[in-house]
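Worksheet: one structure, shown below.
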Amino acid sequence: MPSRLQDLSLDARVRAYARVLRLRHDRRVPCETIAKLLDLPSSTVYNWITGKNSPLGSFVIPTLTPSPSLSYLAGAMLGDGDLIRTTSYHYLLRLRVKDLDFAEKVCSCFGSVLGKPKIVRKDSHGFYLVRVWSCILYEYLSYTGAIRKTVDRFPSEFVQGFADAEGSPAISAGHSRNSSFGFYIVIVNTDVRLLKWISRLMKSRFGIDSRLLEGKKHRSMWSKVPCYYLKIGRRSDQELFADRIGFAIRRKQRKMLIALELLRRFGPSKAGAEWRRIFKKRGRLWIIRNSGEKLWSPGRDLNS
């Protein structure tokens, strides 16, 4: 068992942990004897007895009862999170992103699930970083079957978390008078089964149709693994997505709502000129020209 301890299920490790404490505290069995009796590493037994660590990875026990925070967290971590098991059997959940809104939302969800506030840090490369050590959350997020129970209760939060991580409103607005304004919502990932699940979920729970397509490979992003994306192209489906799911990231949400409002007011042929009046292109990104401008009130809240 010592060389394979990390491969045991959490339930098996917790049972071994309980036996160690029982032998130590009820029968006063020496540490080395417990290690031999249970075929455990002496260092593991010592650390468990002295309280340095436990099979849970932390003495903060997360709440895994289905909730909006847990569902959003599952979607966000499946999209942009890293689940890391170290050689010393520590379990790290990490989110490293460029968007502060997203990092703060994930951090808030971690705090809600753990019952303990977490903070967002910024690394030397300008990325926002959220880190949590928890074996229980690591195993929960590694098992799709466990996640599904939460998603069944709170599907919109799950899809929103994944869309914040992997989705965006895609805009095309040419400079010529005859150029049509193009808009669709896209969610990108290399896991085609995961995208199919999200597509079925949006259709069955919200009536949102989407198309699953295989994207082109880009050297800077994907080399050997094919990339797939869900495209929400019909206006009615886009409206349903905006009303029932949306983005928690403010810049994505605002761009989506402005695009839909322009299409509603001006149609595809004239919406492009109005979009270029509000936004300017900087590299591959559309940047709002005047963040203090009041947009279309009353109606959708596009001013926050």
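All of the numbers you see were taken from the coordinates with simple rules; none came from a lab. Owing to the predicted nature of the structure, the values given are computational and were not obtained by experimental measurement. In this analysis, Cβ positions are derived from the backbone assuming ideal geometry, glycine residues included, and neighbour counts consider all displayed protein chains.
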> What are the aspartates and glutamates whose alpha-carbon lies under 19 Å from the alpha-carbon of Lys280, with same-chain residues fewer than 8 places away excluded?
Replying inline: Glu261, Glu293
>> Going by amide H atoms built from the backbone, whose H comes under 5 Å of the H on Ala170, apart from near neighbours?
In response: Tyr184, Ile185, Val186
> Which order do peptides 275-282, 75-82, 90-97 fall in by mean Cβ count within 10 Å, highest first?
Replying inline: 75-82, 90-97, 275-282
> What order, most packed first, do the peptides 61-68, 117-124, 184-191, 231-238 have when packing is the mean number of other Cβ atoms within 10 Å of each residue?
Replying inline: 184-191, 231-238, 61-68, 117-124
